[in-house]
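Below: one structure, written as structure tokens.
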Amino acid sequence: MNPQPTAVAEAQPQPQRDSAIACRGLVRIYAAKGIEVQALQGLDLDIASGELVAIVGASGSGKSTLLGILSAHDRPTAGTAVVAGMPVQALTRAQRLHYRRRVVGFVWQNTERNLVPYLSIEDNLTLARSLGSGRRPAGARSTTAAQLVELMGIGDVLGRLPGEISGGQRQRAAIAVGLVNEPEVLLADEPTGELDDATSAEVLEMMRLVNHELGTTTLIVTHDATVSEHVGRTIQIRDGRISSEVFRDHHDILSGSGVHREFTVVDSVGRMQLPTEYLAALQIRDRARLELLEDHVGVFPETPRQPAPTAEGRPEPRQKPEPKEGDDD
Ligand SMILES: Nc1ncnc2c1ncn2[C@@H]1O[C@H](COP(=O)(O)OP(=O)(O)OP(=O)(O)O)[C@@H](O)[C@H]1O
């Protein structure tokens, strides 16, 4: 007899089959000097294979904590993170090494973390390639270092040391090093953090090009709000949870149009975050009244807002919150 699924089992969301990254209920609690900080509070995330996604958020929102878990440098207190089919929280030491050398590639903010300073760019590529060498699965893509050099436009700096080239060239070389072992996923932590605006845009465009040409799933974690102009999906993280997502299609990115759609995220148990400006505009604090209407859910202040009286004693008409750029429905 087949056991009947319980309500609890049904409520557990399963990772999507084609997800390159699937996080379920990620919690990370830091305990220091008797004080606990909950850096991630039940974060759910799905990134499809081949997607280019940015995660943005204020300082302290949990971005680095998430990247630490996805890069297998840290373990979650609870929840799961599956990257390219590997459960990162449960890897053995040997699997972690393989994972960091072959399954994921990295681009960090600091040059010293990306490139060995006393080796030429060419030797950095060779070293990274040799560290990640091993038996390759049949049918693996055969992106060569030479192809990456051409794609990144770093052919004329191969013989130079990292300290002898510009910041933009260094980050392009770092992207090539991060991809030289043909990882399934490229993780980038503030890759434009030390660059000026023009060079940042150039490096982000390079990441977009690589994603488009090679199809490598790419996750960029950044403070840089302009990143959304270069990627298909921008995820906003707030208080250790995903709060909203902005989508742009490939055509919008190429044409530079400002068209985008913003969505708030509803997690697996139905929680969602309302933008703080909406809460302020409607004076919603601890509680909101929900109404299920024919084709939408209404969210209302617990008690109707009292309009401020005008000079003539008449109430002011209600102010709607300003629509955001790109709101078209
Ligand atoms: N090792 C640690 N010990 C204690 N608390 C920590 C530790 N690392 C991070 N935190 C806390 O966890 C929360 C999330 O931090 P995290 O570094 O992930 O945020 P962030 O979004 O990456 O911030 P930033 O953009 O400034 O790097 C913050 O409140 C932070 O103070």
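The values are calculated or read from the model by the stated rules, or taken from the named source; none is laboratory data. Worth saying up front: this structure is predicted, and the values here are computed from it rather than measured. So basically every Cβ, Gly included, is an ideal-geometry build from the backbone, and we count neighbours across all protein chains shown. With ligands, DNA and RNA removed, areas are computed over all heavy atoms of the protein, side chains included. Shrake-Rupley method; radii C 1.70, N 1.55, O 1.52, S 1.80 Å.
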Within the group V231, V203, which residue is among the aliphatic types (A, V, I, L, M), part of a loop (DSSP other than H, G, I, E, B) and in the same structural domain as Q109 (by TED's automatic domain parsing)? V231
When (1) free of Cβ contacts under 8 Å to residues at least 24 places away in the same chain; (2) open to solvent by less than 80 Å² (accessible area, probe 1.4 Å); (3) within 16 Å of the ligand (Cβ to nearest atom); (4) of a type outside the set (A, V, I, L, M) are applied to S130, the one that fails is (3)
Which of the following residues is touching a Ser or Thr at 6+ places or on another chain (Cβ under 9 Å) and not assigned by TED's automatic domain parsing to the domain that holds D189: V27, V104? V27
Note: among I69, I35, just one is in contact with a Pro (Cβ under 7 Å, 6 or more places away or on another chain) and within 13 Å of the ligand (Cβ to nearest atom), namely I69
Could you tell me which numbered condition I253 fails, if it satisfies all but one of (1) under 25 Å from Q169 (Cβ atoms); (2) buried (at least 17 other Cβ atoms within 10 Å of the Cβ); (3) at pLDDT 70 or above? (3)
Looking at segment 195-221, which of its residues are surrounded by fewer than 23 Cβ atoms within 10 Å (Cβ to Cβ) and of a type outside the set (A, V, I, L, M, F, W, C)? D196, D197, T199, S200, E202, E205, R208, N211, H212, E213, G215
Considering every residue within segment 43-57, establish whether at least one is within 16 Å of the ligand (Cβ to nearest atom) and either touching a Cys at 6+ places or on another chain (Cβ under 9 Å) or not assigned by TED's automatic domain parsing to the domain that holds Q171 (or both). yes
Can you say whether R208 is assigned to a loop (DSSP other than H, G, I, E, B) and either in the same structural domain as Y99 (by TED's automatic domain parsing) or touching a Leu at 6+ places or on another chain (Cβ under 6 Å) (or both), as far as the supplied structure shows? no
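Can you tell me how many residues within segment 97-127 are acidic (D, E) and within 12 Å of E182 (Cα to Cα)?
Residues in segment 97-127 being acidic (D, E) and within 12 Å of E182 (Cα to Cα): 0 in total.
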Selection within segment 169-215 - within 23 Å of G50 (Cβ to Cβ) and among the small types (G, A, S): A174, A176, G178, A188, A201, G215
